[in-house]
Amino acid sequence: MTASVTDKYFSAAPKILVLGATGPTGPHIVSQAVSCGYDVTLLVRSPEKAADMKGAKIVVGDARDETVLRQAVKGRDAVISALGTPASPFREVTLLSTATRALVSAMKAEHVSRLVTITGMGAGDSAGHGGLLSDNLIFPLLLRKVYADKNRQEAIIRDSGLDWTIVRPTVLNNKPRHETIQTLTDFSQFRGGSISRENVATFVLDQVTTDHWLRKSPLITW
């Protein structure tokens, strides 16, 4: 019998590190993880932004700093990266790839293998499936540099040798969660879509304890 992810990584409640916990999706991940009884550590630059995230341990530092990342990831079973960056029409974006490169090195040094990362619809082979407005206006004018860095980020993860899953949500919203979502790896008939941050958080946490999407990049949508 092949060992499951649960058998491979966890003897008790998962111990996870969350990056990007103070972003729009991060609090949903943290609250759901704590509610499930996970042992949760957050790496944040501004601890005051995480003051309301009860039940989680906070490590203060920059996600691009490998030394800080090693401290935060030590003893964890898995890492969830919800790092994001604002639209940047003119300036180059390097945060996501720089932080991911440092994270991969830190995880290898601390012998932590499981990585679940949120990127987005439009990264990698999901590009060109956002619908008319997104593909012809929003992406070229506002998000081109951000998604160039997401592509670099995904490449680093794919080449890492870690047990990774890349999650690509469609356009995010703050609506209540749906009971069911779609997961796609064939985008040939797909154009546009949206999903709630609550649903994304649930899906991401599910990946920590399953290998169904191991080394795959599902797009998730309603």
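Please treat every number below as a calculation from the coordinates, not as lab data. A quick note: this is a predicted structure, and the numbers were derived from the prediction, not measured. Using ideal geometry, Cβ is built from the backbone for each residue, glycine included, and neighbour counts are taken over all protein chains shown.
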Of everything in the stretch 164-184, what is within 16 Å of the chain's Cα centre (by Cα), touching a residue at least 40 places away in the same chain (Cβ under 8 Å) and surrounded by fewer than 18 Cβ atoms within 10 Å (Cβ to Cβ)? Give them in sequence order. Val171
Identify all residues within the stretch 25-39 that are polar (S, T, N, Q) and either in contact (Cβ under 8 Å) with a residue 12 or more places away in the chain or touching a strand residue (DSSP E or B) at 6+ places or on another chain (Cβ under 8 Å) (or both); write none if there are none. Thr25, Ser31, Gln32
Does Arg152 meet the test of being in a loop (DSSP other than H, G, I, E, B), surrounded by fewer than 19 Cβ atoms within 10 Å (Cβ to Cβ) and not polar (S, T, N, Q)? no
Being within 15 Å of the chain's Cα centre (by Cα) and either closer than 30 Å to Arg144 by Cβ or free of Cβ contacts under 8 Å to residues at least 24 places away in the same chain (or both) narrows it down to one residue among Leu96, Leu42; which is it? Leu96
First in the stretch 48-77 and at negative phi, second anywhere and of a type in the set (A, V, I, L, M) and in a loop (DSSP other than H, G, I, E, B), Cβ under 8 Å, 6 or more apart: Ala50/Ala21; Met53/Ala21; Ala56/Ala21; Ala63/Leu83; Leu69/Ala63; Val73/Val112; Arg76/Val112; Asp77/Val112
Which condition does Ala109 not pass, out of (1) closer than 23 Å to Arg215 by Cβ; (2) under 19 Å from the mean Cα position of the chain (by Cα), if it passes all the others? (2)
Any residue in the stretch 197-212 that is farther than 12 Å from Ile181 by Cβ sitting within a Cβ distance under 9 Å of a residue that is basic (Lys, Arg) and buried (at least 19 other Cβ atoms within 10 Å of the Cβ)? List the pairs, counting only those 6 or more apart or interchain. Gln207/Arg114; Val208/Arg114
Asp135 being of a type in the set (D, E, K, R), out of contact with any Ser or Thr (no Cβ under 6 Å at 6 or more places or on another chain) and closer than 27 Å to Arg70 by Cβ: no
Selection from the stretch 185-222 of residues surrounded by fewer than 15 Cβ atoms within 10 Å (Cβ to Cβ) and over 20 Å from Ile157 (Cα atoms) yields Asp186, Ser188, Gln189, Arg191, Ser194
Checking Tyr147 against (1) hydroxyl-bearing (Ser, Thr, Tyr); (2) outside any strand (DSSP E or B); (3) in contact with a Leu (Cβ under 9 Å, 6 or more places away or on another chain), only one condition comes out false. Which one? (3)
Could you pull out the residue among Thr100, Thr41, Thr22 that is over 19 Å from Gln207 (Cβ atoms) and hydroxyl-bearing (Ser, Thr, Tyr)? Thr22
